[in-house]
Amino acid sequence: MGDRAEPLLALILRRGGIAEAVAREAIERGGAFVRGRRVRQVDCAIQAGDRVELALQAATQPVLTRAHLLHLDDLLVVVDKPAGVAAQEDLAGGPALADLCSALLREIGERQATALLVHRLDRGTTGVTVLARTRRAQTALLLEFRQHRVEKDYRALVAPPPPRDSGIVEEPVSGKSALTRWEVLERYPDAALVRALPRTGRTHQIRLHLGALGCPLLGDKAHGGAALMTRPSGARHDFARPMLHAFSLSLRHPAGGDLRVTAKLPEDFEAAVAFLRR
């Protein structure tokens, strides 16, 4: 390209063999990175030697509806996060959980539609997620999570099944101490439904700890989990995501008192259980 700057969109069209409408949508969505920094301006000046990355396909982004709303008051909003929603904007761009929660609050007529992130579930993980509606509530909740006073209860489908019925995995995650209690709730011929109770909240903790136990999550290809299972009859089940669900969350409410919220297993999780029971 020489020493002259070139607009981002023009560079992509010249070098990438991509239709203009597709490239423009990807940039404006937030899927373009220049020198490791996200940019949304199609005319961003690209210099010789700049590293340009573009995520063309946005992940399918479900919309939060009233059915996802588990609890709402002046300080908190608790939702049943569907699979495919990122806690924070990632490489693919698109709206993150807080944005979707704010949109939901506006849709149901709330004048104050702020939703502030407190904790994170992986994009593929479903279930109970709490967000704050004020900065003061966010500060109080962050302290609860950091001091490990929040009780988190997950459901996971793993294969092979654990050799024991319960136990503790205490192994560092990213150099930080991490502890997960677990117990088998239901056994199948070649898998199990496991209850996981993480004492800490490290990134990918449950996935890593169950993997270390030799029982990775079904669908968790990044950590050795099977992407599909078959039966002698020829029946097959594909796992489109890691089979992990945040079933319940218990915490101290910023206004005082305790709050416990649960979320039923999603349809794809129930379908996987039904297949494993056959």
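The values are calculated or read from the model by the stated rules, or taken from the named source; none is laboratory data. Because the structure is a prediction, the values reported are computed rather than measured. Neighbour counts run over all protein chains shown; Cβ positions are idealised from the backbone, glycine included.
Looking across R187, R278, R260, one residue alone is of a type in the set (K, R) and in contact with a Lys or Arg (Cβ under 7 Å, 6 or more places away or on another chain). It is R278.
Only one residue in A191, A196 is under 21 Å from D268 (Cα atoms), out of contact with any Ser or Thr (no Cβ under 9 Å at 6 or more places or on another chain) and crowded, with 21+ Cβ neighbours inside 10 Å, so which one is that?
Values: A196 fails: out of contact with any Ser or Thr (no Cβ under 9 Å at 6 or more places or on another chain).
Among A191, A196, only A191 is under 21 Å from D268 (Cα atoms), out of contact with any Ser or Thr (no Cβ under 9 Å at 6 or more places or on another chain) and crowded, with 21+ Cβ neighbours inside 10 Å.
Regarding V85, is this residue β-branched (V, I, T), within 19 Å of L249 (Cβ to Cβ) and not in a strand (DSSP E or B)?
Details: β-branched (V, I, T): yes; within 19 Å of L249 (Cβ to Cβ): yes; not in a strand (DSSP E or B): yes.
For V85, the condition - β-branched (V, I, T), within 19 Å of L249 (Cβ to Cβ) and not in a strand (DSSP E or B) - is met.
Taken over the stretch 65-82, residues that are without any contact (Cβ under 8 Å) to a residue 60 or more places away in the chain and not in a loop (DSSP other than H, G, I, E, B) amount to 7.
Yes/no per residue for (1) out of contact with any helix residue (DSSP H, G or I) (no Cβ under 6 Å at 6 or more places or on another chain); (2) outside the structural domain of R241 (by TED's automatic domain parsing):
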residue: A26; (1), (2): yes, yes
residue: R29; (1), (2): yes, yes
residue: V34; (1), (2): yes, yes
residue: I46; (1), (2): no, yes
residue: D73; (1), (2): yes, no
residue: V78; (1), (2): yes, no
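Can you spot a residue in the stretch 161-176 that is closer than 29 Å to L76 by Cβ, surrounded by 13 or more Cβ atoms within 10 Å (Cβ to Cβ) and in contact (Cβ under 8 Å) with a residue 60 or more places away in the chain? Within the stretch 161-176, not a single residue is closer than 29 Å to L76 by Cβ, surrounded by 13 or more Cβ atoms within 10 Å (Cβ to Cβ) and in contact (Cβ under 8 Å) with a residue 60 or more places away in the chain. Of the residues making up the stretch 131-155, not one is crowded, with 18+ Cβ neighbours inside 10 Å, assigned to a helix (DSSP H, G or I) and under 18 Å from the mean Cα position of the chain (by Cα).
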